[in-house]
1. What angle do you read, to the nearest 10 degrees and between 0 and 90, between the alpha-carbon axis of helix 203-212 and the longest principal axis of the chain?
2. Using r as the Cβ-Cβ distance of Asn2 and Glu96, and R0 as 45 Å, what FRET efficiency do you calculate, to the nearest 0.05?
3. Using only the alpha-carbon atoms, how far is helix 345-361 inclined from the longest principal axis of the chain? Give it as 0 to 90 degrees, nearest 10.
4. Considering the chain as a Gaussian network with a 10 Å cut-off on Cα pairs, which listed residue, Gly92, Gly19, Gly298, attains the greatest mean-square fluctuation?
5. Karplus couplings for the range 34-43 from phi (6.51 cos²θ - 1.76 cosθ + 1.60, θ = phi - 60°), rounded to Hz, Gly and Pro as x?
6. If we sort 113-126, 44-57 on the protection proxy, mean other Cβ atoms within 10 Å, highest first, what's the order?
7. Which of these values of log10 I(q)/I(0) by the Debye sum over Cα atoms at q = 0.07, 0.14 Å⁻¹ was calculated from the structure shown: (1) -0.34, -1.21; (2) -0.29, -1.24; (3) -0.44, -1.06?
8. Could you tell me what percent of the accessible area of the range 306-362 is made up of carbon and sulfur, with a 1.4 Å probe and every protein chain present?
Amino acid sequence: MNLRFDDSSITVAIVGCGGFIGSHLLDAVLERTRWRVFGVDLDFYRLQHRLNHERCEFLCADLADRAVVERIAKFPLVVNLAAICTPSRYMGEACEVIRSNYDHPAALAEACAKSGSWLVHFSTSEIYGKTAADSGELLEDSTPAVFGPVTASRWSYATAKLLAERYIAGLPGLRWTVVRPFNFVGPYMDFMPGVDGEGIPRVLANFSTALLRGEPLKLVNGGKAKRCFTSVHDAVDFLFALFAAGTSGSGAAPDAASANAGCAGVFSQAFNVGNPENEVSIAELAAKMRTIFAKVRGVDVSTLPEPQSVSGEEYYGVGYDDSMRRMPSVAKAERLLGFKARIPLDVALEESLAWFVKHYSV
């Protein structure tokens, strides 16, 4: 596979192009390469500045349409970011969540296996299951996964994603790479309920919404769970390290580490993408965000409502369950791709929150 960044004949298909990660990836592809982009999503409101770009073609469509899947698989590189990943929907819409995160990716993987495309499939850190507070590093190829009971429909998303990974890995002839994100954050993340989406978004957009509306930040089960937050810019840099290492052509790799990794280091592999140095409890995250919001708005933090603790069932509904810690091992990405996330938590949070305040104030 020859994926030189300066080759204008290459088109990358980005499924979920209009979403949070997809919009950042699209910008980076247009800025760092000469590739064309075939973008597929259900809406493109984040991409108003790119809709008429000469190197882009956009298709408003769903992976449930087999003809759309076949069209996507004609391109040499397919990045699948499409998913239902809103926590509140895991309980109330479990069947739809499973279809979105297993049925549709499986069909796309089958099509890519037939066409010979390289499929870069975005999974989730949730495939590691119900981790305890004292859980250590999560390793891609050896950490066992334990999930909650079938009555805890919160695991509908994670089990569908895990099954999709297993199906992809088992398809004969498929050239694949799985990406497991650990809490990507940045501008364009999620939505504000009642404005451009419904339900409960992920924690960063959730807290940002509460701060902008002058409401208390809700700490589910006291906010004791810990997460590692990763800037979306680091995530995009990871993808470019992956693309570079997955090419057999000369001149595509940005550095010696990526060039030496070679194609064998990226295919049939799952990679954690996270920043272990950015680990905080959700309660600590709330405190940081209150401080940063006060700075962004030029107010005293003491004027902001204090966080409030709520039960998971009260906040998300019946069937809620949680992981208490998710600490990624990132040794594989560093060893095979020469990649390491670098953006500190406070920098990522301030960029995210400043964008959110500016965007939704307007």
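1. So the inclination is approximately 50 degrees.
2. Efficiency, rounded to the nearest 0.05: 0.70.
3. 80 degrees
4. Greatest mean-square fluctuation among the candidates belongs to Gly298.
5. 3J(HN,Hα) across the range 34-43, in whole Hz: 10, 5, 9, 10, 10, x, 10, 6, 8, 7.
6. So the peptides 113-126, 44-57, ranked by packing, come out 113-126, 44-57.
7. Recomputing log10 I(q)/I(0) by the Debye sum over Cα atoms at q = 0.07, 0.14 Å⁻¹ here picks out (2).
8. Here it works out to 51 percent.
The values are calculated or read from the model by the stated rules, or taken from the named source; none is laboratory data. Keep in mind that what you see is a predicted model, and the values were worked out from it rather than measured. Don't worry about glycine lacking a Cβ; one is built from the backbone with ideal geometry, like all the others, and counts go over all protein chains shown. When the accessible area is computed, the model is the full protein with side chains, heavy atoms only, and any ligands, DNA or RNA have been set aside. Shrake-Rupley method; radii C 1.70, N 1.55, O 1.52, S 1.80 Å.
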